[in-house]
Structure formats: structure tokens, C-alpha cells
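The structure under discussion appears below in the form of C-alpha cells.
The values are calculated or read from the model by the stated rules, or taken from the named source; none is laboratory data. This structure is a prediction, so every number in the text was calculated from the model and none was measured. Reconstructed Cβ throughout: ideal geometry from the backbone, glycine too, with neighbour counts over all protein chains shown. For accessibility, only protein heavy atoms count, side chains too; no ligands or nucleic acids. Shrake-Rupley method; radii C 1.70, N 1.55, O 1.52, S 1.80 Å.
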Amino acid sequence: MDAIQEKLQPLIDLLPDKVRDYWWAIYGFAALLMVLIVLAFLRGLVRGVFGKGKALQEDWAKKLREDLTSYPPPPGAPGKQRLTIYHVPVRIRLVVLAPAGKEAEIEADQAAELLDRVLPGLGAMVAVDRPRIRVWPPQLSQQGFATAFFRHTVTGTKEGQPSCWVLVAGRSQFNQPAILLGLALSADEPNNLGRLSLEPHQWLDVLRIRESQS
């Protein structure tokens, strides 16, 4: 205490005589007040930085959100060929494409060409079904992309319940540079396929194009 008093003596001498004996309380309170002011400033700064980041994330979430319950039905009747997933006939209502990595770029008008590399003839299905096509920012993780696609694509039914909607997401192995693909498929009847996360080699096994039976 004596060492502190010695260092603060010039300031203590500035205090009125009546309160000079209480210098420790006065300057202690002043120091505490300064600490609280600094902490409040830092708290506001951190909140501003992270609050802005949260707002940007929410803005991106709104841009990526697709509410399938608001989608119109597929245009017209199916063509001579039908896309099937595990033998269930479906129509393509949403295509989401994203580069796998930061170096590649994708344009929406490349959709048919890129889809044909995933499954020959899939681009022609897009021409018939005329789905909504979205291009997402580059993605670094296949699993992260699938999770985001499932989260932002709203089917209107709870997970595990029968639905006419089937969501499929994964990485394509035949595109260079590689792409990440998400499809929202509409079936004629409710089914339990739900959400499917595919490995690159599974696309050709899970999706098939067959001659229409109608």
C-alpha cells in the first residue's frame, strides 16, 4: 500500500484535504469505473462483429431456402422416358449445383451438361421437367453440403413420414472439376425414401432412366 501511495502521491495531493485520507477508496472506485467502461466497449465491439456475422449467415440461409410446398406441379405429362430412384418414378423439381472447392465456378446454364455426366440422359429430363436451378457458393465438404441442402429444402413433412418428396445430395465423380449436386424429386405417390446422401459411385445405381409405361 505504501508503494502505491508513493506512486500516486502527486494525484493524492490534488484531492481536497477533507477526503485526502480516503484516497484509496476514491482512486479504487475510479479504476473500477474505468475497467467497467473498457469491458462495456469490448463487449459492444465483439457483439457488433459477431452480430454482423450472424446476420450474414441468416441472410445466406434465406437465399438458400427452398420451400417445396410452394412449388407448382411438374409441367405437362412425363416424356417417353422416366427418371426413377430405387425404381420409384419421379419428376425433377429442384437442382442445386455447387463447386467442390474454391477454385471452380459453375453457371446455371451448365446444368444439363453437368447432369449428363452424373447420369447420361439426366440433362434431357431437366428439359422436360423444367425444374428450378440454383447455384450455391463453393462448398468444402460433401457431408456439409448434403446437410445444408437437406436443412434448407423444406418438404412440408417431418423426417421419417411418408412423402412425395425425395431429396438426394452428394458428389459427382464424373465431373472435372468435381461438383456437389442436390436434387428435389417429386414422386406420384408418398414413399419412405426421404433424404439420401450419396457417395460418388452410387448415382448410377440409385438413379435410372427407363421407358415410360404410360
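For the stretch 62-214, the dipole from Cβ point charges (+1 on Lys and Arg, -1 on Asp and Glu) about the Cα centre works out to 320 debye, to the nearest 20.
Here the accessible area is traced with a 1.4 Å probe on the protein chains. For the stretch 62-155, carbon and sulfur cover 52 percent of it. For the stretch 90-202, the solvent-accessible area of protein heavy atoms averages 47 Å² per residue (probe radius 1.4 Å; ligands and nucleic acids excluded). Restriction of the GluC sites (Glu not before Pro) in the stretch 68-150 to DSSP coil positions whose beta-carbon has at most 11 other beta-carbons within 10 angstrom yields E103, E105, E107. The stretch between R132 and R65, if pulled fully straight at 0.36 nm per residue, gains 22.9 nm over its current Cα-Cα span. Rounded to the nearest Hz, the phi-derived 3J(HN,Hα) couplings of the stretch 159-166 under the Karplus curve 6.51 cos²θ - 1.76 cosθ + 1.60 (θ = phi - 60°) are 4, x, 8, x, 8, 6, 9, 10, where x marks glycine and proline. Taking trypsin sites (Lys or Arg not before Pro) across the stretch 95-154, the ones in a DSSP loop with at most 13 further Cβ atoms lying within 10 angstrom of their Cβ are K102. Note: relative contact order over the stretch 144-214, using C-alpha pairs below 8 Å and six or more positions apart, is 33 percent.
The modelled label-to-label distance between M34 and Y86, using points 7 Å beyond Cα along the C-beta direction, is 6.8 nm. Give me the compactness ratio for the stretch 77-200, meaning the Cα radius of gyration over 2.2 N^0.38 Å. The value comes to 1.00.
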